[in-house]
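Notes for the one structure printed next.
The values are calculated or read from the model by the stated rules, or taken from the named source; none is laboratory data. Treat the numbers as computed from the prediction; the structure is a model and nothing was measured. In this analysis, Cβ positions are derived from the backbone assuming ideal geometry, glycine residues included, and neighbour counts consider all displayed protein chains. Accessible surface is based on the protein model in full, side chains and every heavy atom, while ligands, DNA and RNA are left aside. Shrake-Rupley method; radii C 1.70, N 1.55, O 1.52, S 1.80 Å.
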Amino acid sequence: MSGRLRGLLLFTDIAFLVYWFVTYFHLIPPNYAYQDYNNKLLVTWNWSFFPLDVLISATGLLSLYYYRKSNARWMPLVLISLVLTSCSGLQAIAFWVIKGDYDLMWWIPNLFLLLYPLVFLPGLVRKGFIGN
C-alpha cells in the first residue's frame, strides 16, 4: 500500500468520524450546512449515510492496522473501504444533481469521495490477483 493511499485513507476515515460527531452535536453553523438543513426529510437522508460511512471508516482503519502488522487481511479490507467510499460519494452527488443543488461546499468533498478511490482501485485489484 503506497504512502499516499495510507495518508488518504487515514484522512478520509477520520474525517468521516469527525463529520458524524459534529453532525450529531449540531456543531456545523447553519450557513455552512447543506441547503434545507432543517428539512426533516433531508436530515433523515443525511443520516442514512451514517452506517455506510462508519463501515467505510472501520474497514479503512482496520486495513491500515493490518497493513502495519504485515497481515494480508489488509487487502480485502482496503478494497471494501475504497469501493464503499466511492459509492458514498456517488450517492451524494446523484442526490444533489437530482435536487438541482450545486453548492461547491458539499460537492467538492463528495467528488473527492467518489474519485480518489478510483485512482487506487485498479492497481490494488491487479496486485491482489497477480500477487496471490
Hey, can you tell me all the residues within the range 53-65 that are hydroxyl-bearing (Ser, Thr, Tyr) and either crowded, with 17+ Cβ neighbours inside 10 Å or modelled with pLDDT under 95 (or both)? 57, 59, 63
Cβ pairs under 6 Å, 6+ apart, first in the range 17-42 and among the β-branched types (Val, Ile, Thr), second assigned to a helix (DSSP H, G or I) and at pLDDT 80 or above: 28/22
Could you list, in sequence order, all residues of the range 96-115 that are out of contact with any Ser or Thr (no Cβ under 9 Å at 6 or more places or on another chain) and closer than 19 Å to residue 9 by Cα? 108, 109, 111
Counted residues in the range 76-115 being open to solvent by less than 30 Å² (accessible area, probe 1.4 Å), under 24 Å from residue 63 (Cα atoms) and either in contact with an Asp or Glu (Cβ under 9 Å, 6 or more places away or on another chain) or not aliphatic (A, V, I, L, M) (or both) come to 6
Residue list for the range 40-51, filter: within 30 Å of residue 127 (Cβ to Cβ) and either open to solvent by 50 Å² or more (accessible area, probe 1.4 Å) or at pLDDT below 95 (or both): 51
Can you spot a residue in the range 122-130 that is under 16 Å from the mean Cα position of the chain (by Cα) and not β-branched (Val, Ile, Thr)? no
Residues satisfying the stated conditions in the range 1-39, i.e. part of a helix (DSSP H, G or I), open to solvent by 40 Å² or more (accessible area, probe 1.4 Å) and of a type in the set (Ser, Thr, Tyr): 19, 24, 32
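Here is a yes/no grid of residues against (1) more than 15 Å from the chain's Cα centre (by Cα); (2) within 13 Å of residue 124 (Cβ to Cβ):
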{"position": "65", "(1), (2)": "yes, no"}
{"position": "68", "(1), (2)": "yes, no"}
{"position": "74", "(1), (2)": "yes, yes"}
{"position": "83", "(1), (2)": "no, yes"}
{"position": "88", "(1), (2)": "no, no"}
{"position": "92", "(1), (2)": "no, no"}
{"position": "101", "(1), (2)": "yes, no"}
